[in-house]
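Read the structure below first, then the notes.
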Amino acid sequence: MIAESRLAQLARRREPALERCELCSAPIAADHRHLLEPERRELLCACRACALLFDRGGRYRLVPTRRVRLEDVELTNEMWEELRLPVEIAFFVRGADRVQAFYPGPMGATESLLTFELDVLHTLEPDVEALLVDRHLGERRHWIVPIDDCFRLVGLIRTHWQGLTGGKAVWAQLGTFFDDLERR
C-alpha cells in the first residue's frame, strides 16, 4: 500500500502541467479560446463552458477565431509613411471611439498616436479583432486576425529578440508565424 502511494506521487510529478481556465480553474487543452477584458487589454484563457457563458457580453469579450487574408487593401505606401512607425509590422484595433495602431517590439506593443481610416477597419469586431499588416522584407500582406494572434506576435518578438536588430532567431520565428497565418 505504501509503495503504491509513492508510485502514484511520482507519476503525478511527471504529468505535464496542464493549462487552466483563468475563470474557473478547469483544465484546458493547449488550443483553447480566450476572453478579452477590454478595459485592461488583458487576455484570459477560457474553457469551453466559460467561453460560452461569457460570450453574452458584460465585462469580457470572447475573442473570435476568424482569420482572413485580404488581397486588395487600399493601404498605400504614402498612408503607411504618414503613420511614422519605426517597424514594418503593425496591427490596428477598432475600439469604441477610435482606431488604435500598435507595433510590436522587444519591449512589447507600442501604441502609435497617429492613425488613419480604412474601410476594412469598420468590418472588425471592436477590441477583439485586428487588421495585421506585414510589410517587412518588402511584403505587402494584410489579415483580419483575432487579437490573441497579435498578443502572440508581440510575445514572440519579446522572447526571441537579441541585440539591436533582433538576431536570426526572431526573424525565423516571424517567418514561421506568418507562414502559419498563410496556412490557416
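Here, each number is a calculation from the coordinates, and none is a lab measurement. For clarity, every value in this text was computed on a predicted model and none was experimentally measured. Neighbour counts run over all protein chains shown; Cβ positions are idealised from the backbone, glycine included.
Data table
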quantity	calculated
Three semi-axes of the equivalent ellipsoid, the chain, Cα gyration tensor, whole Å, largest first	35, 22, 14
Gain in span if fully extended, GLU19 to LEU53, counting 0.36 nm per residue against the direct Cα distance	10.3 nm
Helix-only CD estimate at 222 nm, as mean residue ellipticity for the chain, using -39500 (n - 2.57) per DSSP H run (n ≥ 4)	-9500 deg cm²/dmol
Contact order relative to length of the chain, as percent, for alpha carbon pairs under 8 angstrom and 6 or more apart	16
Of ALA51, ALA172, ALA130, the one that fluctuates the most in a GNM where the chain has Cα springs shorter than 10 Å	ALA172
The range 68-163: C-alpha pair distances exceeding 19 Å, %	37
Rough spin-label spacing in nm, given labels placed 7 Å along Cα→Cβ, for GLU42 and GLU82	3.7
Qualifying chymotrypsin sites (Phe, Trp or Tyr not before Pro) in the range 94-143, DSSP loop, other Cβ atoms within 10 Å at most 14	PHE116
Cα-projected label distance for THR115 with LEU156, points at 7 Å along beta-carbon direction, nm	2.5
The range 123-184: GluC sites (Glu not before Pro) falling in loop per DSSP and having at most 16 other Cβ within 10 Å	GLU139
